[in-house]
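To keep things clear, I will list the structure first and then write my remarks on it.
Every number in this text was worked out from the coordinates using simple rules, so none of it is lab data. Bear in mind the structure is a predicted one, so any value in this text is a computation, not a measurement. Note that we place each Cβ from the backbone using ideal geometry, even for glycine, and neighbour counts take in every protein chain shown.
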């Protein structure tokens, strides 16, 4: 099975002349990956719907409805919901669409009523729990947003996206320590995500102090391990800032143990090497002539 990025590239290259088979596969993969591309759905839904059969027809109607809501077309979304309700009058998935339509129209209290009723039937409905969070976010009720996220994470502690969302909420409140904890949880759940490591590194950098600057450098380095420097300038510049700040950070040496002093000296040596490496990488990006390795990056995260 082709990746979603390859399918989208093929679709763009076809310039509106994709085969029906390719379109069906693309829309199906968009559903599977939960990637929202209302432009693609709207441009092709009729062709694909006429060619679909069985349960895929109803999955496609759901996808069309969400695309309509994303485009602000409440009337078209309502047509899809009406069709789905006739087929699945007691479906929680269709009920969620009803709630989302209320959200799109700014009827937040009505949306909450729908979601509350759905959760009475199934308190572990993750998608509905997420919709409740979205409602309070749209209403600007940060306190309730945090409460709902905490309740969700109590049931689903491995929900990385919700940890990220909670971290962003704490950042908006300038509670960087709490945000760091949330991003740490997200990194533990998805340690190969370059974006997660970079986000955590940024929070450590904001917290400041030698130890936090070192942690920031390490997570920027791990970000670069997972995504090459030429595609990850955010982390590459982060290494420069973190190493420079760590080198300038002052610590009362009299309060450090012998082991702590040795550890600090080692970190400063790595800092110097990492800063040099990052500068070299930036210089190479304009005119790459050598193949660099991540050996130094690996040393930096140990």
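Can you give the direction-averaged projected area of the convex hull of the alpha-carbon atoms in the chain, in nm²?
Averaging across all directions leaves 20.0 nm² for the Cα convex hull.
Quote to one decimal, in nm, the extra length available between residue 121 and residue 105 on full extension: 0.36 nm per residue of separation minus the C-alpha distance between them.
Numbers: separation 16, 0.36 × 16 = 5.76 nm, distance 2.50 nm.
The residue 121-residue 105 span can extend by a further 3.3 nm.
Fewest first, what order do 92, 162, 55 take by the number of other Cβ atoms within 10 Å? Intermediate values should be presented prior to the final figure.
Working: 92 16, 162 23, 55 8.
Ascending number of Cβ neighbours within 10 Å: 55, 92, 162.
Using a Gaussian network model of the chain with C-alpha springs under 10 Å, which one of 233, 60, 285 is most mobile by mean-square fluctuation?
285
222 nm [θ] for the chain, helices only, -39500 (n - 2.57) per DSSP H run of 4+, per residue, to 500?
On the way: 16 runs with 233 residues, N = 302.
When only DSSP H runs of four or more count, the value is -25000 deg cm²/dmol.
Between residue 177 and residue 92, 0.36 nm times their residue separation minus their Cα-Cα distance comes to what? Working shown, then result.
Values: separation 85, 0.36 × 85 = 30.60 nm, distance 3.73 nm.
Additional length available on full extension: 26.9 nm.
Which of 192, 203, 128 moves most in a GNM of the chain, Cα contacts under 10 Å?
192
In degrees, nearest 10, range 0 to 90: what is the angle between the Cα axis of helix 142-155 and the longest Cα principal axis of the chain?
90 degrees
Which residue, 43, 259, 73, has the most motion in a Gaussian network model of the chain that connects Cα atoms within less than 10 Å?
259
Relative to the longest principal axis of the chain, what angle (0 to 90°, nearest 10) does the C-alpha long axis of helix 126-139 take?
For helix 126-139, the angle is close to 80 degrees.
Ranking 58, 163, 45 by Cβ neighbours within 10 Å, fewest first, what do you get? Walk me through the numbers on the way to the answer.
Details: 58 17, 163 26, 45 21.
Listed from fewest to most nearby Cβ atoms, that is 58, 45, 163.
Going by how many other beta carbons lie within 10 Å of each one, how would you line up 120, 24, fewest first?
Taking fewest neighbouring Cβ atoms as first place, the list is 120, 24.
How tilted is helix 92-104 with respect to the longest principal axis of the chain? Cα atoms for both, answer in degrees (0 to 90, nearest 10).
80 degrees
How far is the Cα center of segment 177-244 from the Cα center of segment 36-51, in Å?
38 Å
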